[in-house]
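Worksheet for the structure shown next.
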Amino acid sequence: MMQQGQNNLPGELNAPGDDIRTDTARFFHSDAHFNELYPPEIVSLSRRHWTPLPIARKVAAFLAIGNAQVLDIGCGVGKFCLAAGHIAPNGTFYGVEQRKRLLRHAEKAKKALRLDNVHFINANFTQLNFREFDHFYFYNAFYENLDGTDKIDDSIDYSAELFHYYNRFLHRQLDQKPAGTRLVTFHSLEDEVPRDFHVVDSTHSNLLKFWIKS
């Protein structure tokens, strides 16, 4: 679980040296290289729906303190977890996603990268026990429920009611976490963030925010 008294801010975690996972390191040179792990229909969604590698590096540096258990809420094809698992081998990264089709691509990429600190869960995030995780990454997975937004596919239900329900549920779960819990949001409307989480850094025109609970 989370170790107290560590104050890493974004960028403080060094990427592993060339002697670590050298045979798979080329996939982490750029987003274009990483896209080689996926078929064209998945790559076509990358720019809007999957976390860019430079952002994954910053997020991993902030969340993977000690032997943290990190949850990516709505992980899609697993790009953040896979990148973070390579960048921060001391952490354990879990991605929850309700679309089995996307997780099949995530598992295939994980096998190619040979990462043993990354795990994927096929479920709606509301089915999870948040006490099992220390810190959280949230690339606004609920946004698809709003009218006029780009959808990954039509395999799940969308509605404004679900958008608000999911936000309220995540807010309650984060509100129950202890002081020191870390959260990173990307493209979030911040409805899910309790008031006792405070921004300690932000980048990308405030679209990427780093929070710690007081």
With a sphere of radius 12 Å drawn around the Cβ of ALA123, what net charge do the other residues whose Cβ falls strictly inside it have (Lys, Arg +1; Asp, Glu -1)? +1
Name the residues whose placed amide hydrogens come within less than 5 Å of the amide hydrogen of ASP191, ignoring near sequence neighbours (fewer than 5 apart) on the same chain. none
HN-Hα J couplings of the stretch 34-48 from phi, Karplus 6.51/-1.76/1.60, θ = phi - 60°, integer Hz, Gly and Pro as x? 5, 4, 5, 6, 10, x, x, 5, 7, 4, 5, 8, 4, 4, 9
Proximal lysines to LYS108, defined as alpha-carbon separation beneath 21 angstrom and excluding residues fewer than eight positions away on the same chain: LYS79, LYS100
What list of ³J(HN,Hα) couplings, whole Hz, do you get for the stretch 178-186 from phi and the Karplus terms 6.51, -1.76, 1.60, once you set θ to phi - 60° and write x for glycine and proline? x, 4, x, 4, 10, 9, 10, 10, 9
For the stretch 76-214, give the share of DSSP beta bridges that are antiparallel, in percent and rounded to the nearest 5; count only bridges with both residues there. 55
Taking just the alpha carbons, could you work out the radius of gyration and Dmax for the stretch 61-190, both in angstroms? 14.4, 41
Defining a contact as two alpha carbons under 8 Å apart and six or more residues distant in sequence, what relative contact order in percent does the stretch 95-137 show? 53
Peptides 38-51, 85-98: what's the order by average Cβ count within 10 Å, highest mean first? 85-98, 38-51
Could you work out the local net charge near ASP175, counting Lys and Arg as +1, Asp and Glu as -1, over the other residues with Cβ closer than 12 Å to its Cβ? +3
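We did not get these values from a lab; they are worked out from the coordinates using the rules stated. Not measured: the values here are computed from a predicted model. Methodologically, a virtual Cβ is constructed for each residue, glycine included, from the backbone with ideal geometry; neighbour enumeration extends over all protein chains shown.
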